[in-house]
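Peer 1: Starting off with a structure, shown below.
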Amino acid sequence: MKDVQLLPEMQQKKSGVTRRSFLKTVTGTAAGIGIAQMVNPALIQALEKGLKRHPVIWVQGQGCTGCSVTLLNSTSPPIADVLLKVISLQFHPTVMASEGEMGMENLYAIAEEYKGRFSLVVEGAIPTAEDGKYCIVGEAHHKEITMVDLVKEIAPQAGSVLAIGTCAAFGGIPAAEGNVTGATSVTDFLKDNGISTPVVNISGCPPHPDWIVGSIVHLLEKGIPELDEEGRPMIFYGENIHDNCPRLDAYEEGEMSETLSDPKGCRMDIGCKGPDTYADCYKRKWNSGMNWCIDNAVCIGCVSSGFPDGTTPFYEPA
Ligand code: FSX
Ligand code: SF4
Ligand code: SF4
């Protein structure tokens, strides 16, 4: 952007848009929308409507970005509708157009403007060791911002915090044995820092896109959904996988799979953690309803607070 040579006044005369207002348009746009699309007035209108509905700031700590990828796989509703009609994604490090200090400044400005009304989505655990230096999320005023700094500053201003993925909800893989970074769940981090913003845990490594979108829609329409004792929406995490598994009859008959390619038997002897796992994967399925873990492998209990230490080795009986 530094290459732009025209003075603001000159640019305004030429195009009706000042450099400043152009930059504001680019950096202030919904994170998932490219610059070219921003010139479409219908889209701008939809965005404005979306913004009134539910501004979302999405930050990433110690994770693999799988949670973002899973959201982008939302097919019902399609991701474009989620971004345009359901939420207004104002900041997202992976897909937004802006970057660097400008992106960070935009984030702080949005948090200020929509204080108490936006949802903060946290993806990934929060590494607290060494003053949070394991995760630098950006710079502002020539100072490095850690994930710790960011969540401490932004979470108190949010109306709600969504901890997306098992890493954010419970610590997950980053907090597994050998956790040198001091990786911590969002709930524990907020508690340790005296921040009382309500948290909804959307666990799963990664979570199903429906669990994310459905929880946001619930927040929008009816407020915080009913949560289980681990802070997860009952509508998605209220059912036991084993009790509802299509292979339950095989389990009861003692017909056990010996290999992953066995089309019928129960997977318990080859490591299935379904009996200790609560989520609706058995009926929702994955990849637009095409299949799910137990069709092709085993349930590794990815939504559970004990994942992964408590559910490994994945392919050995519990
Ligand atoms: Fe964790 Fe998200 Fe597992 Fe990955 O970033 S929940 S490692 S699938 O995607 O945080
Ligand atoms: Fe239970 Fe897993 Fe067997 Fe299904 S495959 S019946 S969830 S142990
Ligand atoms: Fe996670 Fe088990 Fe559901 Fe697979 S079936 S997504 S491992 S909870």
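Peer 1: Of all residues in the range 282-303, how many are within 24 Å of SER76 (Cβ to Cβ) and touching a Ser or Thr at 6+ places or on another chain (Cβ under 7 Å)?
Peer 2: 4
Peer 1: Just need a number here: residues in the range 267-281 that are more than 8 Å from ligand 2 (Cβ to nearest atom), assigned to a helix (DSSP H, G or I) and either farther than 25 Å from SER74 by Cα or without any contact (Cβ under 8 Å) to a residue 60 or more places away in the chain (or both).
Peer 2: Going through the range 267-281 one residue at a time, the tally reaches 3.
Peer 1: Every residue in the range 283-299 that is near ligand 2 (Cβ under 8 Å from one of its atoms) and either among the hydroxyl-bearing types (Ser, Thr, Tyr) or in a helix (DSSP H, G or I) (or both), please.
Peer 2: Passing the criteria: only ILE294.
Peer 1: Pairs under 6 Å by beta carbon, first residue within 16 Å of ligand 2 (Cβ to nearest atom) in the range 193-213, partner at pLDDT 95 or above and among the polar types (S, T, N, Q), six or more apart or different chains?
Peer 2: Listed pairs, sorted by first residue: none to list.
Peer 1: Where in the range 158-266 are there helices (runs of 4 or more DSSP H), lying fully within it, with 2 or more residues that are within 16 Å of ligand 3 (Cβ to nearest atom), within 19 Å of the chain's Cα centre (by Cα) and surrounded by 15 or more Cβ atoms within 10 Å (Cβ to Cβ)?
Peer 2: In the range 158-266, the matching helices (runs of 4 or more DSSP H) lie at 166-170, 209-222, 234-237.
Peer 1: Moving on to the next point. Does the range 105-118 hold any residues that are buried (at least 20 other Cβ atoms within 10 Å of the Cβ) and within 19 Å of the chain's Cα centre (by Cα), and which are they?
Peer 2: Residues satisfying the conditions are LEU107, ILE110, ALA111, PHE118.
Peer 1: Which one is nearest to ligand 3 (Cβ to nearest atom) among residues in the range 287-313 that are closer than 23 Å to CYS167 by Cβ and surrounded by fewer than 17 Cβ atoms within 10 Å (Cβ to Cβ)?
Peer 2: My answer is ALA297.
Peer 1: Among the candidates ILE126, ILE110, ILE145, single out the residue that is touching a Phe, Trp or Tyr at 6+ places or on another chain (Cβ under 8 Å), in a strand (DSSP E or B) and of a type outside the set (D, E, K, R).
Peer 2: Exactly one residue qualifies, and that residue is ILE126.
Peer 1: Hey, another quick one. All but one of (1) away from ligand 2 (no atom under 12 Å from the Cβ); (2) part of a loop (DSSP other than H, G, I, E, B); (3) within 22 Å of GLY124 (Cβ to Cβ) hold for GLY310, so report the exception by its number.
Peer 2: Going through the list (1) away from ligand 2 (no atom under 12 Å from the Cβ); (2) part of a loop (DSSP other than H, G, I, E, B); (3) within 22 Å of GLY124 (Cβ to Cβ), GLY310 breaks only (2).
Peer 1: Among the residues of the range 274-294, write down those that are within 16 Å of ligand 1 (Cβ to nearest atom) and either closer than 17 Å to ALA250 by Cα or touching a helix residue (DSSP H, G or I) at 6+ places or on another chain (Cβ under 9 Å) (or both).
Peer 2: The answer is THR277, ALA279, CYS281, TRP286, TRP292, CYS293.
The values are calculated or read from the model by the stated rules, or taken from the named source; none is laboratory data. What you see is a predicted model, and the numbers here were worked out from it, not measured in a lab. Cβ sites come from the backbone with ideal geometry, for glycine too, and all protein chains shown count toward neighbours.
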